[in-house]
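Trainee: Let me begin by handing over the structure; questions about it come next.
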Amino acid sequence: MDTSGVPGFNALAFRCKALAVCAATASCVYHAADTLGHRQSSEAAFMDGAEAVPAPAKLMLQGGAASQCSTQSVSIAAGESFGIMFDGGKKVTVHLPAFAGTGELTLYIASDGSTFRDAALTMPAQLSPP
């Protein structure tokens, strides 16, 4: 997971927030065994997780391991994106909607990197550019 295209996430203090990817039916808590992987703010390492190719995948922005700062506000501009590599080298760019606040954000990722607010992929959050 390359989060360089999401400066608001990267600017947060060390491990204040986490971005986790999981199957649509999983909890997506970053430290759960069924999470496909996660990255925490200001941490260089991506933590790889379970081996699976869900369709769609769930993405969750949540408080990170540094619980004392999990209420730190994050700002993401519409259209910011990050890359995910999976299945031995396939890549997708995930497109994010505008978000500002301290709470959690849950989205669902389509195969083209568009994000949706529901697992049925009927409520667009940020569509992939044409």
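Trainee: Any idea which of 93, 71, 106, 35 is farther than 17 Å from residue 6 by Cβ and within 13 Å of the chain's Cα centre (by Cα)?
Mentor: One residue alone meets the criteria, 35.
Trainee: Out of the residues in the stretch 11-28 that are free of Cβ contacts under 8 Å to residues at least 40 places away in the same chain and crowded, with 16+ Cβ neighbours inside 10 Å, which is farthest from residue 58 (Cα to Cα)?
Mentor: Residue satisfying both the conditions and the ranking: 26.
Trainee: Kindly provide the set of residues from the stretch 84-117 that are hydrophobic (A, V, I, L, M, F, W, C), in a loop (DSSP other than H, G, I, E, B) and closer than 13 Å to residue 57 by Cα, ordered by number.
Mentor: Residue satisfying the conditions is 110 alone.
Trainee: Can you tell me how many residues within the stretch 64-89 are surrounded by 13 or more Cβ atoms within 10 Å (Cβ to Cβ), of a type in the set (S, T, N, Q) and closer than 18 Å to residue 47 by Cβ?
Mentor: The qualifying residues number 1.
Trainee: Let me ask another. Looking only at the stretch 32-81, count how many residues are of a type in the set (A, V, I, L, M), in a loop (DSSP other than H, G, I, E, B) and over 16 Å from residue 100 (Cα atoms).
Mentor: 10
Trainee: Starting from the stretch 103-118, take each residue that is under 17 Å from residue 83 (Cβ atoms) and list its partners that are part of a loop (DSSP other than H, G, I, E, B) and of a type in the set (Ser, Thr, Tyr), counting only C-beta distances under 6 angstrom and pairs at least six apart or across chains.
Mentor: Correct list of pairs: 112/128; 113/128; 114/128.
Every read-out reported here was derived from the displayed coordinates using simple, explicitly stated rules and does not represent laboratory data. Being a predicted model, the structure only gives us computed values, none of them experimental. Here the Cβ is made from the backbone with ideal geometry for all residues, glycine too, and neighbour counts use every protein chain on show.
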